[in-house]
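Notes to accompany the following structure.
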Amino acid sequence: MPTVSVKWQKEVYSSVEIDTSQPPYVFKCQLYDLTGVPPERQKIMVKGGLLKDDADWSTLGVKEGQKLMMMGTADEIMKAPEKAPVFVEDLPEEEQVVAVAVGVASADQFPQHQKLILKSQVRFAVGIESQPRVDGLTIHNNQFPQQSLDSPSQATGSLGRLAYGYSGQTLKSHLGPAMGKKVGNDSITDSSFSGEAGVDPVQGHSAGLFNLGNTCYMNSTIQCLHSVPELKSALIKYPPSVRSNDLDQSSHLLTVATRDLFNELDKNVKPVAPMQFWTVLRKKYPQFGQLNNGLFMQQDAEECWTQILYTLSQALSLPSSSENLDTVKGLFGIELVSRVHCAESGEESSETESVYSLKCHISQEVNHLHEGLRHGLKSELEKASPSLGRSAIYLKDSRIKGLPRYLTIQFVRFFWKRESNQKAKILR
């Protein structure tokens, strides 16, 4: 490969290698790295005129040590921004509510060319361009396609689209100084934060939950349930103090505590301490109050999930709840049809049932989700056999008949060791 020198303006670049097996365009890209002049602007003088991108090096007669002349204007060197970009996730929690919920960003924090990606529950992008301003805040008005929202029918009007997914009271408390100001074609008033204006209080901003002592199983269960808007709507309509004669007091109190905790999560920015809910949960299901050396023990999140859903299904299926009879079942219920067969006696029967989760058994043979789910649909059970007059082993083979709106899958990582009579975790 011949080595040449290239003179550009007052600069001379020596020992530039030319790979004659590649087209001249590759050589121009080398010079772009050295000079900042894009290939399309380079004019390089060679034998016979200007060097073309697809010329044949063998016909140009380029010699070792030859000096080439290049003309062209370099691109402007990119300058670092005076202030580094600030992303929503890096803002203090109080400012995140404003930035995410209403699409408001400080003009000096976000350059005009930057795209602000909002993660959390809003799930759409804001293009920061020339927008109406209120007291130093940039209000992103009429920017979002309605089909990008979770529930377009509930997001009407520009302020409604912007604030979709957040509690009206939360937004008012953070946008107090802007109340009454004109924003494009809208005014920020009390009605801007009502349901009629498009703000859906059911969606809500989700704050965190304090760990009260090995309560991560409960917190994760609550956060998952809190993310289901249909469940929150049903709880809002649940009677606050009237208990049906068909529902026991502890189930009623747990349902009320769930509704109140969801409301707290929607109204707060900082983490919430679910003390009242935890107290009621332990009264309803004492196993979650077990102690070990004076400390509350760790519990199973799937068990907590199942017990809470069972309680809510009872409370929200009552006529007094003003909801459909199958509220929880329609959201989480999985319809199964099972064949139960005893190989020893030849007995066979079929049954239908509704469960709130599918089980994915983790074992050395399971490498994919569908394999674990298929394994979880088959089980053995021991029960009395009428024909044998004693207990016998039955094989239960289940098939999915109907899926819910929200499918829950439990990853079963524990198994029962009969030799030691204790649970053991599968490590994979």
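To the nearest 10, the accessible area of PHE296 is 60 Å² with a 1.4 Å probe. Eigenvalues of the alpha-carbon gyration tensor of segment 254-320, scaled by 5 and square-rooted, set the equivalent ellipsoid semi-axes at 22, 18, 10 angstrom, largest first.
Considered as an equivalent ellipsoid built on the Cα gyration tensor, segment 231-387 has semi-axes of 34, 22, 17 Å, the largest given first. Size descriptors for segment 297-402: radius of gyration and Dmax over Cα atoms are 17.2, 50 Å. Ligands, DNA and RNA excluded, the heavy atoms of HIS252 present near 10 Å² of accessible surface to a 1.4 Å solvent probe.
In the calculated pair-distance distribution of segment 1-87, the portion above 17 angstrom amounts to 49 percent of the Cα-Cα pairs. Ratio of Rg to Rh for segment 346-428: 1.02 [Cα atoms; Kirkwood radius as inverse mean 1/r over pairs].
Charge tally around MET1: other residues with Cβ under 12 Å, Lys/Arg +1 each, Asp/Glu -1 each, net -3. Only protein heavy atoms count here; on that basis, with a 1.4 Å probe, ASP53 has an accessible area of about 70 Å².
Let me check I've understood the local charge: for ASP53, count other residues with C-beta under 10 angstrom from its C-beta, Lys and Arg +1, Asp and Glu -1. What total comes out? Once all neighbours under 10 Å are counted, the net charge is 0. In this simple spin-label model, placing a label point 7 Å from the Cα along the Cα-to-Cβ direction at both ILE77 and HIS370 gives a separation of 5.7 nm.
Look at the alpha carbon pairs under 8 Å that are at least 6 residues apart: their mean separation over the length of segment 353-427 gives a relative contact order of 30 percent. All other residues whose Cβ lies under 9 angstrom from that of GLY289 are scored, Lys and Arg at +1 and Asp and Glu at -1, for a net of +2. Sorting LEU253, LEU381 by accessible area puts them as LEU253, LEU381; the probe is 1.4 Å, largest comes first, and only protein heavy atoms count. Shown are SER250, SER398, whose ranking by accessible area with a 1.4 Å probe and every protein chain present, most to least, is SER250, SER398. In order along segment 258-273, the phi-based Karplus estimate (6.51 cos²θ - 1.76 cosθ + 1.60, θ = phi - 60°) of 3J(HN,Hα) comes to 5, 4, 5, 5, 4, 5, 4, 4, 6, 8, 9, 9, 7, x, 10, 9 Hz; Gly and Pro are listed as x.
The values are calculated or read from the model by the stated rules, or taken from the named source; none is laboratory data. Because the structure is a prediction, the values reported are computed rather than measured. Backbone-built Cβ (ideal geometry, glycine too); neighbour counts: all protein chains shown. Protein only, heavy atoms only, side chains kept; ligands, DNA and RNA dropped before computing areas. Shrake-Rupley method; radii C 1.70, N 1.55, O 1.52, S 1.80 Å.
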